[in-house]
Structures are given as structure tokens and as C-alpha cells.
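A quick write-up on the structure given underneath.
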Amino acid sequence: MADKTEKKSFFQRLKAAVQGTRDNLLGKIENIVLGKKEISPEMLDDLEAVLIGADIGVSIASEVIEKTRQKVDRKLLCDPDHLRESIRQELLAILLEAQKAAPQASVSGPAASPWVIMLVGVNGTGKTTTLGKLANRYMTDGKSVLICAADTFRAAAVEQLSVWARRAGADMVHQSSGGNPSAVIFDSLQAAVARKTDIVLVDTAGRLHTKSNLMQELEKMKRIAERQVRGAPHEVLLVLDATTGQNGLIQAKEFIKSAGVGGLIVTKLDGTAKGGVVFSIVREFRIPIRFVGIGEKIDDLIEFSPEAFVDGIFLSGRE
């Protein structure tokens, strides 16, 4: 019973977070099919426009509607009331495909101890806040966590992170503002090995994907980590702001090319109607979403579930 209650609570939280996207997508789909007796070409064109408007992307919208049109032509889909479910299934398949293409890493894997996770992204995506929430998740799961404050450029970055570290109960290693981020990683991993820490979370400075010198600095930081702990960083997670919509694709492309990103964290999902960008990102890069940010509280970072995400968008408040 407790497990069912927990799952229900998880789904309700995610559903509440994607309300803006659901209103932007589901409400318009229902308006198009309401009262219709058959599926017309014009109806499918209107549905394609709705998908594009929800920031799902032109190519995916066209693909989904083309597959739907084929079902209609083959008489596999006749009732307009079933269009919503058909679209839901096609979008879910995109997210599941990305998961299969890139299996998620596990902090309990055999590669090394400590398990080193590096967070990267542009300024303003909520990266530092996300790292604090991630530390809290792992601490709650019984893991020991050390936070590496390698963002030595942004004013008050260390102070902000130290607040999150205290709230999560995690250790933190830092240097003074303007210090060498690679040196912070060196010190952090030395400390983590000595203390037998389970997980090291590395906060990096926000950087524009167009700044090649800063992207090269990330490569140096990764090399330093590898020298200290075999295979480190074991995960590089790109933090993307859901409110940026399709612009997130441009950011992701350069970071994935330069930083070896293996997973995504999508923040501010609760503050946008553009959550459809999730589909474009995973289709483009075949990289799974690991976590999503759904609020400002310390426990408002949850593991991403393709099924729960799609259901959250496509199930109305009555369901």
C-alpha cells in the first residue's frame, strides 16, 4: 500500500509540474477532435500545428502525424476520440527509444569509488541548485556525498552551494573565488578517496556553448578527474532549462560534442508550457533524461520516467 501511495504521489507531483505543457497540448487536441465523427486531413494538419506549438519540434510533429495518417489510411484508426491515445503512444516510443540507446549509469556500478558526477550547462539553467538537490537525493538514499565547488568564477557561487550542502548534510571542498577549477577537482577527489566517499558531485562554472576556451577547460577538468579516480567523471550530466524551448537543442549539441555528456537534467519543468522540447532533445541526441526539476524545494528533483511524463501531459485532470 505504501509503495502504491508513493507512486501515486510521484505521478501527481510530475503531473502538476507539466500542467502548462498539458494545457498547451492536450486542451488544444481535445478542441480539435471534440464533436467530430471522422478523421479528416484538415484535422491531422491542425494536430500537427498543435504539436509544433507545444515545442515538440517540426520533424517530430511531422513524423507523428504521418504515422497517424498511415493508421487512418489502413483503417487502424477511425475514431477521432482515439487520436489522443495514438499520439501519446508515438511520443512515448521516442522517449523509450532514447533510454534503450543509452542505458543509464548507476552509482552502484563497479567502475570505481567514489562515483564522480559532473554537472555542466550554460548560465541560468539552475545547475548549482540542481546539484544541491541531487546531493540531497543521494544522502537520503544513504550514500555519502562530497560536493566539489569547481565554479570558481561566478560571484557567490561557493556561498550558494555551501547553503545547499548544509541543507543536504553533504561535505564540500572549495577554494577562494577566482581559483583554479581543476585544482578544486584534484583536492576534492583526494579527499573523497581518503574518506571513502560514495559520490562526488562536481559543480562547474556556467559557460556559453560558443566559448571554445571554456569548453576546453572542461576537458582539462575531466583529465584531472581521470588521473585521480579511474574512469572519472563517470557521468557528465547536462542541465537544461525547459523554459528555453528549442534553444535547448543548440546548447545541448555543443556540450555533447565537447563535454561527453551522457545524461540530461531538465529544470524548471513546472514553469513552462514548452515541455515538449524534451522529445526533440532525446530524439536528436539519443541521450536519456536522468532527472527533472519540478519546483524550488530541496526534494523537487525526481527521476525521470518516460511513462509518467507522457501520461502527465495526456491525462486530463479528470483521469
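In the stretch 306-318, how many are touching an Asp or Glu at 6+ places or on another chain (Cβ under 9 Å) and in a loop (DSSP other than H, G, I, E, B)?
Within the stretch 306-318, residues that are touching an Asp or Glu at 6+ places or on another chain (Cβ under 9 Å) and in a loop (DSSP other than H, G, I, E, B) number 1.
Say whether the condition of being modelled with pLDDT of 90 or more, outside any loop (DSSP other than H, G, I, E, B), in contact with a Lys or Arg (Cβ under 8 Å, 6 or more places away or on another chain) and not β-branched (V, I, T) is met by at least one residue in the stretch 272-285. Outline the logic, then answer.
Of the stretch 272-285, the ones modelled with pLDDT of 90 or more are 279.
After this cut, where a residue has to be outside any loop (DSSP other than H, G, I, E, B) as well, the list is 279.
Going one step further and asking which of them are in contact with a Lys or Arg (Cβ under 8 Å, 6 or more places away or on another chain), we end up with none.
No, the stretch 272-285 has no match at all.
What number of residues within the stretch 129-170 satisfy the criterion of being out of contact with any helix residue (DSSP H, G or I) (no Cβ under 7 Å at 6 or more places or on another chain), outside any helix (DSSP H, G or I) and either more than 23 Å from L214 (Cα to Cα) or of a type in the set (F, W, Y) (or both)?
Residues meeting the conditions: 5.
Just checking, how many residues over the stretch 221-251 are over 22 Å from C148 (Cα atoms), small (G, A, S) and surrounded by fewer than 23 Cβ atoms within 10 Å (Cβ to Cβ)?
1
Mind listing whichever residues of the stretch 163-187 are surrounded by fewer than 16 Cβ atoms within 10 Å (Cβ to Cβ) and within 26 Å of the chain's Cα centre (by Cα)?
If the condition is that a residue be surrounded by fewer than 16 Cβ atoms within 10 Å (Cβ to Cβ) and within 26 Å of the chain's Cα centre (by Cα), then V163, R166, R167, G169 are the ones that fit.
I need the full set of residues from the stretch 237-265 which are more than 18 Å from G276 (Cα to Cα) and not in a helix (DSSP H, G or I), in order please. Working first, answer last.
Here is the first cut: in the stretch 237-265, the residues more than 18 Å from G276 (Cα to Cα) are 237, 254-262.
Hits for the stretch 237-265 are L237, G260, V261, G262.
Would you point out the residue of the stretch 113-133, among those that are out of contact with any strand residue (DSSP E or B) (no Cβ under 6 Å at 6 or more places or on another chain) and on the phi < 0 side of the Ramachandran plot, that is modelled with the highest pLDDT? It would help to see each step written out before you state the result.
The first filter runs over the stretch 113-133 and keeps only residues out of contact with any strand residue (DSSP E or B) (no Cβ under 6 Å at 6 or more places or on another chain), leaving 113, 122-124, 129, 132.
Going one step further and asking which of them are on the phi < 0 side of the Ramachandran plot, we end up with 113, 122-123, 129, 132.
On the way: S113: 83, V122: 87, N123: 84, T129: 93, G132: 96.
The qualifying residue modelled with the highest pLDDT is G132.
Output the residue which, of all residues in the stretch 52-72 that are small (G, A, S) and part of a loop (DSSP other than H, G, I, E, B), is farthest from G248 (Cα to Cα).
If we filter the stretch 52-72 for residues that are small (G, A, S), which is where we start, we get 53-54, 57, 59, 61-62.
Now drop any that are not part of a loop (DSSP other than H, G, I, E, B), which leaves 54, 57.
On the way: A54: 14, G57: 12 Å.
Ranking the candidates gives A54 first.
Kindly list the number of the only condition in (1) surrounded by 14 or more Cβ atoms within 10 Å (Cβ to Cβ); (2) more than 20 Å from E219 (Cβ to Cβ) that fails for V122.
Condition (2) is where V122 drops out.
Which members of the stretch 27-58 meet the condition of being closer than 18 Å to A93 by Cβ and either in contact (Cβ under 8 Å) with a residue 60 or more places away in the chain or β-branched (V, I, T) (or both)? Break it down into steps so the answer makes sense when it comes.
Quick first cut of the stretch 27-58, residues closer than 18 Å to A93 by Cβ only: 29, 47-48, 51, 54, 56-57.
Passing the criteria: I29, L51, A54, I56, G57.
Condition check ((1) out of contact with any Leu (no Cβ under 7 Å at 6 or more places or on another chain); (2) closer than 23 Å to A155 by Cβ) across all residues:
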{"site": "D198", "(1), (2)": "yes, no"}
{"site": "G206", "(1), (2)": "yes, yes"}
{"site": "E217", "(1), (2)": "yes, yes"}
{"site": "I224", "(1), (2)": "yes, no"}
{"site": "R230", "(1), (2)": "yes, no"}
{"site": "L237", "(1), (2)": "no, no"}
{"site": "T243", "(1), (2)": "yes, no"}
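Against the condition at pLDDT below 90 and in contact with a Ser or Thr (Cβ under 6 Å, 6 or more places away or on another chain), how does T244 come out, does it pass?
Here the answer is no, as T244 does not meet what is asked.
Results for (1) in contact with a strand residue (DSSP E or B) (Cβ under 9 Å, 6 or more places away or on another chain); (2) within 16 Å of A54 (Cα to Cα); (3) touching a residue at least 40 places away in the same chain (Cβ under 8 Å), shown as yes or no for each residue.
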site: L238; (1), (2), (3): yes, no, yes
site: K253; (1), (2), (3): no, no, yes
site: D270; (1), (2), (3): yes, yes, yes
site: A273; (1), (2), (3): no, yes, yes
site: G276; (1), (2), (3): no, yes, yes
site: G293; (1), (2), (3): yes, no, yes
site: K297; (1), (2), (3): no, no, no
site: E303; (1), (2), (3): yes, no, no
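Of everything in the stretch 1-28 that's modelled with pLDDT of 85 or more, hydrophobic (A, V, I, L, M, F, W, C) and in contact with an Asp or Glu (Cβ under 9 Å, 6 or more places away or on another chain), which residue is surrounded by the most Cβ atoms within 10 Å (Cβ to Cβ)?
Filtering the stretch 1-28 for residues that are modelled with pLDDT of 85 or more, hydrophobic (A, V, I, L, M, F, W, C) and in contact with an Asp or Glu (Cβ under 9 Å, 6 or more places away or on another chain), the one surrounded by the most Cβ atoms within 10 Å (Cβ to Cβ) comes out as V18.
The values are calculated or read from the model by the stated rules, or taken from the named source; none is laboratory data. No experiment lies behind these values; they were computed from the predicted model shown. Cβ: placed from backbone, ideal geometry, glycine included. Neighbour counts: every protein chain shown.
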